[in-house]
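Structure first, commentary second.
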Amino acid sequence: MKKLSILLTAAIAFGFTACDDVEPNPPAQSNPELEAFEAADIKLAQTADHTLDLQTAQEAEQPVTVADITDLAYFPEGYDLNFVFEVALDNTFSKVAKIPATYVYNEQAKAIQVQPVEFEDAMRTTFTRNPATVEIFTRIAAYGIKDGSTVRLGTPEKPYFNDATWEYTLKRLDTPVIESGYWLVGSFCNWQPAAGIEFIQMNAGDPYDEPVFTAVFEVSEAQAAEGYSWKIVPASAHDADNWTGAFGAQGDQNEGVLVPSPEAQTEAGIVKEAGKFKLTVDMRARTYTLAYAIDFLYVPGNATGTSDKDFQTKVLRLPTSDYTHYQGVARLRNDWYLTGQPSNKGIVFRPDGDATVDSDNIVSGKMKNDPTGEAKMPAKNSLYLIDANIAAMTYKASPITAISVIGSFNGWNLETAVPMKHASNWLTWTVENVTLDDGAFKLNCNGAWTISFGGEPSNIVPVNNGGDMTCEAGTYDLKLDFSKLPYTLTMTRK
């Protein structure tokens, strides 16, 4: 007899249920004094068919058999036996999905089984939602459960009950197709799918995992009067110039659901006002939202001015690349807030509740659209790097009290970085006679790397890693200008 030892003793709340029809043979025996179970081997074998078809099993309302049990005897009395089916996409099991399994052991069947939906959920949660057929690597662990305690069965030399890693071809559950690209089509392009406006994926990745896309478009007064009608076609339909797989809209102008609509001009969404808009669609949830596309967020306040006459020319603004995140520099003093351009018809972002100010004077909080309110964000008298997210409705303003030149010329040493001086408005910073080498340099703030600027002298941007600038070796006067976009660094060689 081989001793089946307790490999790991721990209270693990698996919540599994053993099958009632298990009949160990010969009769079970136990000894509570022992730290190991006397039992015959639990012997498992890979199924003859090395393809696990979740869709077929689901349609048949049957579990998926993931292993055959060739021997199961002498299991100790009073313990429930449970198995866990472990799945990975590589044979090193660097990332593992653990799926609870049940088993049957009777005259009709001797097998370990997994429910198709639980299998699919584990694959989606751990790996990807993409339903494409995939090769998987598997192993099986066994546990004994008694009086609420769980012990893992096996030995340190053999913690799993399959002799070797088993490879299977996994056919996933069918899910609605999500293509890698989508196009906005409608009255603005005479309903020609090949002439639409391309959506941009919000976050890079497999579209089944990152299914949110956005498109920006402008509606003229004439188009708004007629009703700017729109639908969505997948990239395959755009390329073929047809309506296969197209979606229409059910809901109001601002939000609703996408519905299959493979015919032109049916169930179209309609925009009835002029302006610049951003349409966001979630192709997994099949929903849409329409909002104004704000090109810039302006930063009016005590230090920046609020005059309507020169608002768009003198009040500083924050740029965006995705119409969601806005980041830029402004001099703040006491009260400030954020607004969209006048064409956005009175979008004004004010604090939603009290702001948080930490020990470094970083101001952060939630915000809301409140055109008629008076609440403002607080700030000390300084230059700030402002981050705003109009989807999450959050803002953060980090003070910049010092800017220095740092690079290969000084070994990237924070302590010997060359300080710049700011003008009275904090928007221009200068330094003379900086000797640079043929390497790289950038601009760090506050004597640290939390905030730094780089990119190109003609387009200075906030950067984390990277963003180094290069130049020819020599001595330079430098002028950093935050007063207008794009931010620039003028380098005058002496």
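The values are calculated or read from the model by the stated rules, or taken from the named source; none is laboratory data. The structure displayed is predicted, hence computed values, not measured ones. We place every Cβ from the backbone using ideal geometry, glycine too, and count neighbours over all the protein chains shown. Areas reflect the complete protein model, heavy atoms only, side chains present, ligands, DNA and RNA absent. Shrake-Rupley method; radii C 1.70, N 1.55, O 1.52, S 1.80 Å.
Mind listing just one residue for me: the one in region 249-299 that is open to solvent by 50 Å² or more (accessible area, probe 1.4 Å) and among the aromatic types (Phe, Trp, Tyr) and, of those, farthest from Val315 (Cα to Cα)?
Only one residue tops the list, namely Tyr292.
Within region 353-375, track down each residue that is more than 18 Å from Asp295 (Cβ to Cβ) and assigned to a strand (DSSP E or B).
Once the filter is applied, which keeps residues that are more than 18 Å from Asp295 (Cβ to Cβ) and assigned to a strand (DSSP E or B), region 353-375 yields Thr356, Val357, Val363, Ser364, Gly365, Lys366, Met367, Lys368.
Please note which strands (runs of 3 or more DSSP E) are completely contained in region 218-317 and include at least 1 residues that are basic (Lys, Arg) and either closer than 18 Å to Val177 by Cα or under 26 Å from the mean Cα position of the chain (by Cα) (or both). Lay out the reasoning, then the answer.
On the way: elements: 228-234, 247-251, 255-260, 269-271, 275-282, 287-292.
Hits in region 218-317: 228-234, 275-282.
Answer yes or no: is there a residue in region 112-134 that is farther than 19 Å from Thr56 by Cβ, in contact with a Gly (Cβ under 9 Å, 6 or more places away or on another chain) and among the hydrophobic types (A, V, I, L, M, F, W, C).
No, region 112-134 contains no residue that is farther than 19 Å from Thr56 by Cβ, in contact with a Gly (Cβ under 9 Å, 6 or more places away or on another chain) and among the hydrophobic types (A, V, I, L, M, F, W, C).
Take the residues in region 79-90 that are modelled with pLDDT under 95 and not acidic (Asp, Glu), then tell me which one is nearest to the chain's Cα centre (by Cα). Please lay out each step first, then the result.
If we filter region 79-90 for residues that are modelled with pLDDT under 95, which is where we start, we get 79-83.
Remaining after also requiring not acidic (Asp, Glu): 79, 81-83.
Details: Tyr79: 43, Leu81: 39, Asn82: 35, Phe83: 33 Å.
Per the criteria, the residue is Phe83.
Could you tell me whether region 322-340 includes any residue that is assigned to a strand (DSSP E or B), modelled with pLDDT of 95 or more and surrounded by fewer than 18 Cβ atoms within 10 Å (Cβ to Cβ)?
For region 322-340, residues assigned to a strand (DSSP E or B), modelled with pLDDT of 95 or more and surrounded by fewer than 18 Cβ atoms within 10 Å (Cβ to Cβ): present.
Looking at Gly144 and the list (1) surrounded by fewer than 18 Cβ atoms within 10 Å (Cβ to Cβ); (2) small (Gly, Ala, Ser); (3) in a strand (DSSP E or B), which single condition is not satisfied?
So Gly144 meets the others, but not (1).
All but one of (1) open to solvent by 40 Å² or more (accessible area, probe 1.4 Å); (2) farther than 22 Å from Ala379 by Cα; (3) over 36 Å from the mean Cα position of the chain (by Cα) hold for Ser458, so report the exception by its number.
Against the list (1) open to solvent by 40 Å² or more (accessible area, probe 1.4 Å); (2) farther than 22 Å from Ala379 by Cα; (3) over 36 Å from the mean Cα position of the chain (by Cα), Ser458 comes up short only on (3).
Condition check ((1) open to solvent by 20 Å² or more (accessible area, probe 1.4 Å); (2) free of Cβ contacts under 8 Å to residues at least 60 places away in the same chain; (3) under 17 Å from Asp481 (Cβ atoms); (4) in contact with a strand residue (DSSP E or B) (Cβ under 8 Å, 6 or more places away or on another chain)) across all residues:
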| site | (1), (2), (3), (4) |
| --- | --- |
| Phe409 | yes, yes, no, yes |
| Asn413 | yes, yes, no, yes |
| Thr416 | yes, yes, no, no |
| Pro419 | yes, yes, no, yes |
| Asn425 | yes, no, yes, yes |
| Glu432 | yes, yes, yes, yes |
| Thr435 | yes, yes, no, yes |
| Asn446 | yes, yes, no, yes |
| Thr450 | yes, yes, no, yes |
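Does Ala375 satisfy the criteria of being modelled with pLDDT of 95 or more, aliphatic (A, V, I, L, M), open to solvent by 30 Å² or more (accessible area, probe 1.4 Å) and farther than 30 Å from Met202 by Cα? Write out each step before concluding.
Working: modelled with pLDDT of 95 or more: no; aliphatic (A, V, I, L, M): yes; open to solvent by 30 Å² or more (accessible area, probe 1.4 Å): yes; farther than 30 Å from Met202 by Cα: yes.
Answer is no for this residue.
What's the total number of residues in region 191-205 that are surrounded by 14 or more Cβ atoms within 10 Å (Cβ to Cβ) and assigned to a loop (DSSP other than H, G, I, E, B)?
4
If only one of Val177, Val212, Val259 is in contact with a strand residue (DSSP E or B) (Cβ under 9 Å, 6 or more places away or on another chain), more than 26 Å from Gln55 (Cβ to Cβ) and not charged (D, E, K, R), which one is it? Before the answer, list the steps.
Values: Val177 fails: more than 26 Å from Gln55 (Cβ to Cβ); Val259 fails: more than 26 Å from Gln55 (Cβ to Cβ).
Answer to the check: Val212.
Which fully enclosed strands (runs of 3 or more DSSP E) of region 400-494 have 1 or more residues being closer than 26 Å to Leu316 by Cα and among the basic types (Lys, Arg)?
Working: elements: 403-407, 428-436, 440-445, 452-456, 459-463, 474-481, 488-493.
In region 400-494, 440-445, 474-481 are the strands (runs of 3 or more DSSP E) which contain 1 or more residues that are closer than 26 Å to Leu316 by Cα and among the basic types (Lys, Arg).
So, restricting to strands (runs of 3 or more DSSP E) that lie completely within region 61-137, which ones have at least 3 residues that are touching a residue at least 60 places away in the same chain (Cβ under 8 Å), over 30 Å from Glu210 (Cβ atoms) and open to solvent by 60 Å² or more (accessible area, probe 1.4 Å)? Before you say what the answer is, go through the steps one by one.
Details: elements: 64-71, 80-88, 97-105, 110-114.
Those strands (runs of 3 or more DSSP E) do not exist here; none qualify.
So the check is Cβ under 8 Å with 6+ separation or different chains; which pairs have a first residue in region 272-283 that's basic (Lys, Arg) and a second one that's part of a loop (DSSP other than H, G, I, E, B)?
Lys272/Gly227; Lys272/Gln253; Lys276/Ala293; Lys276/Asp295; Lys278/Ala293; Lys278/Tyr323
Considering only region 341-352, state which residues are assigned to a loop (DSSP other than H, G, I, E, B) and modelled with pLDDT of 95 or more. Full working, then the answer.
First pass over region 341-352, keeping only residues assigned to a loop (DSSP other than H, G, I, E, B): 341, 345-347, 352.
Across region 341-352, the qualifying residue is only Asp352.
Exactly one of these conditions fails for Phe188: (1) farther than 18 Å from Thr126 by Cα; (2) exposed (fewer than 13 other Cβ atoms within 10 Å of the Cβ). Give me its number.
Of (1) farther than 18 Å from Thr126 by Cα; (2) exposed (fewer than 13 other Cβ atoms within 10 Å of the Cβ), only one is false for Phe188: (2).
When you go through Asn389, Asn369 one by one, which is the residue that is touching a residue at least 40 places away in the same chain (Cβ under 8 Å), among the polar types (S, T, N, Q) and surrounded by fewer than 18 Cβ atoms within 10 Å (Cβ to Cβ)? First the steps, then the outcome.
On the way: Asn369 fails: touching a residue at least 40 places away in the same chain (Cβ under 8 Å).
Every option except Asn389 fails the conditions.
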